[in-house]
Amino acid sequence: MNGTDVDFACTQCAKCCHDLRLPLTVGEAIDWLARGGAVQLLCEAIPWFAEPPPENVGAAHKRRRSFAASSGELPVRVDVILAAAFAGPCPNLQLDKRCGIYEERPLVCRIYPAEINPSVAFDSRHKACPPEAWATGSSALLRAGRLVDARTIELVERSRQTDASEVPVKALLCRALGIDRAAISNEGFVVYELDRSVLREALRRAKERLMTRTAPVEGDREDGDWRLVSNRDASLAALAAVGAHGERAGVQPNVPFGYLPLRDSVPLP
C-alpha cells in the first residue's frame, strides 16, 4: 500500500493488545518489570563488512540502534530489543478493553499503527485493526504514502532518537549479564528471559552508570566476541567460511536463552 492515502480511527477493539513481544525503551522496561510483567531480551546480529551508502535508509536505521562487535573474524553490529512478552491479553488491558496504564503506556503503543522502521512500507493488511478502523473520512494518517499526523511524526522521531541514545546502555547491560549470543538478522532472534528483579536491577545500574560517566561513551568501539546462533545449515557453513563463531540453535543444554525463528516471531520496529 505504499504511496496510498490512509485514514485511521481506533475502534478500541483491543486486538492489537494481545499475544505480543512489545518493544520497550529502557525506562519503560524498568517500569514494566516493577509492575510484575515479563521482559525478554531479543538479540540479533548484522554482518557489517563496510559502511553502507547514506541513501540506504534501512541500513542507517539498523546502524543507529545497534553497537559494533565481532564474532571471531566477522565484524557485526548487535541489536538488542527489550520486549514486554505476553500471551493472551496485555496484563494492563482492563475488562472494558481500556488500557490500565494509558497515560504511561509504552511509546510503541502510542505510535501504532504507524511504522517506526523507515524501510518498512505501511500496509493495513498487516495490522490487527478491523476494516472499519480504516474508514475514509476519519483522521488522516498517511497521504501519498507519507505519514502526515503531526503527533505520530513526533513520536516516531522520539522513538528513533531513544533507540540511538540507549544503545550504550544495552551494550553495558549485555556485558553485565554475560549475554553474548545473537541470531543472524532476518533469520530470527536469540531470546533471553531473566529473573525480573535481576534484570530490573541490571537495567537500572547500566542506565545509572552511563549517566554518571565523566567521559563520553565510545558508541562504535567493538563490544565483545559474540556467538551467532542459527537453525540453518547454509548459514552455519557461511559463518564458518568467514571465521565467525556459529552455533546451532536448540542443541545447547542448560542455557539461559532460546531461539525464535523469524517465521514464528512478531514483526518488530
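The values are calculated or read from the model by the stated rules, or taken from the named source; none is laboratory data. A quick note: this is a predicted structure, and the numbers were derived from the prediction, not measured. FYI the Cβ positions are ideal-geometry reconstructions off the backbone, even for glycines, and counts take in every protein chain you see.
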Filter pass, residue 244 being within 19 Å of residue 62 (Cβ to Cβ), modelled with pLDDT of 95 or more and either aromatic (Phe, Trp, Tyr) or in a loop (DSSP other than H, G, I, E, B) (or both): yes
Collect the residues in segment 142-194 that are closer than 30 Å to residue 255 by Cβ, basic (Lys, Arg) and not in a helix (DSSP H, G or I), keeping them in residue-number order. 181
Quick one: residue 117 ticks every box in (1) within 30 Å of residue 205 (Cβ to Cβ); (2) not in a loop (DSSP other than H, G, I, E, B) except a single one, so which number is it? (2)
From the options 198, 169, 190, residue that is under 24 Å from residue 257 (Cβ atoms) and surrounded by fewer than 16 Cβ atoms within 10 Å (Cβ to Cβ): 198
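Regarding segment 120-127, can at least one residue be identified that is within 18 Å of the chain's Cα centre (by Cα), outside any helix (DSSP H, G or I), aliphatic (A, V, I, L, M) and surrounded by fewer than 20 Cβ atoms within 10 Å (Cβ to Cβ)? Walk me through how you get there before you give the answer.
Residues of segment 120-127 that are within 18 Å of the chain's Cα centre (by Cα), as a first pass: 120-122, 126-127.
Going one step further and asking which of them are outside any helix (DSSP H, G or I), we end up with 120-122, 127.
Narrowing further to those that are aliphatic (A, V, I, L, M): 120-121.
Still in the list and also surrounded by fewer than 20 Cβ atoms within 10 Å (Cβ to Cβ): 120-121.
There is at least one residue in segment 120-127 that is within 18 Å of the chain's Cα centre (by Cα), outside any helix (DSSP H, G or I), aliphatic (A, V, I, L, M) and surrounded by fewer than 20 Cβ atoms within 10 Å (Cβ to Cβ).
Collect the residues in segment 49-68 that are touching a helix residue (DSSP H, G or I) at 6+ places or on another chain (Cβ under 6 Å) and part of a strand (DSSP E or B), keeping them in residue-number order.
The one that is touching a helix residue (DSSP H, G or I) at 6+ places or on another chain (Cβ under 6 Å) and part of a strand (DSSP E or B): 67.
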Of all residues in segment 1-48, how many are over 16 Å from the mean Cα position of the chain (by Cα), farther than 19 Å from residue 129 by Cβ, in a loop (DSSP other than H, G, I, E, B) and hydrophobic (A, V, I, L, M, F, W, C)? 1
